[in-house]
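First the structure, in the form of structure tokens, and then the observations on it.
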């Protein structure tokens, strides 16, 4: 799933570069800043609908982690990426380890 402000363009631009198939896209039409939470937090939990999920972003904060832990009934990995480096082998290893534990 794409949860990006790129919206459908993620499938047109990013997916081919990464060799990914077309993925569903979260619609952010009603997303707004809500206090200390990132504007994506509530929408991602709603979209996950009780399923485990991974959120990789360069703007995740402790408030988002705490809110997801309190309001999402399943496992969730909120992984912050350094925007200066992007995704690294270490990031992918963390994600793979988390997935292996499901």
Review point. Are any of the residues in the range 81-93 modelled with pLDDT of 90 or more, under 27 Å from residue 9 (Cα atoms) and touching a helix residue (DSSP H, G or I) at 6+ places or on another chain (Cβ under 8 Å)?
Key: yes
**Study point:** residue 56 being surrounded by 14 or more Cβ atoms within 10 Å (Cβ to Cβ), without any contact (Cβ under 8 Å) to a residue 60 or more places away in the chain, within 20 Å of residue 77 (Cβ to Cβ) and touching a strand residue (DSSP E or B) at 6+ places or on another chain (Cβ under 7 Å)
**Key:** yes
Revision key, fill the gap. (1) surrounded by fewer than 10 Cβ atoms within 10 Å (Cβ to Cβ); (2) under 14 Å from the mean Cα position of the chain (by Cα) all hold for residue 87 apart from (1)
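The values are calculated or read from the model by the stated rules, or taken from the named source; none is laboratory data. A quick note: this is a predicted structure, and the numbers were derived from the prediction, not measured. All Cβ positions, even for glycine, are placed from backbone atoms using ideal geometry, and neighbour counts span all protein chains on display.
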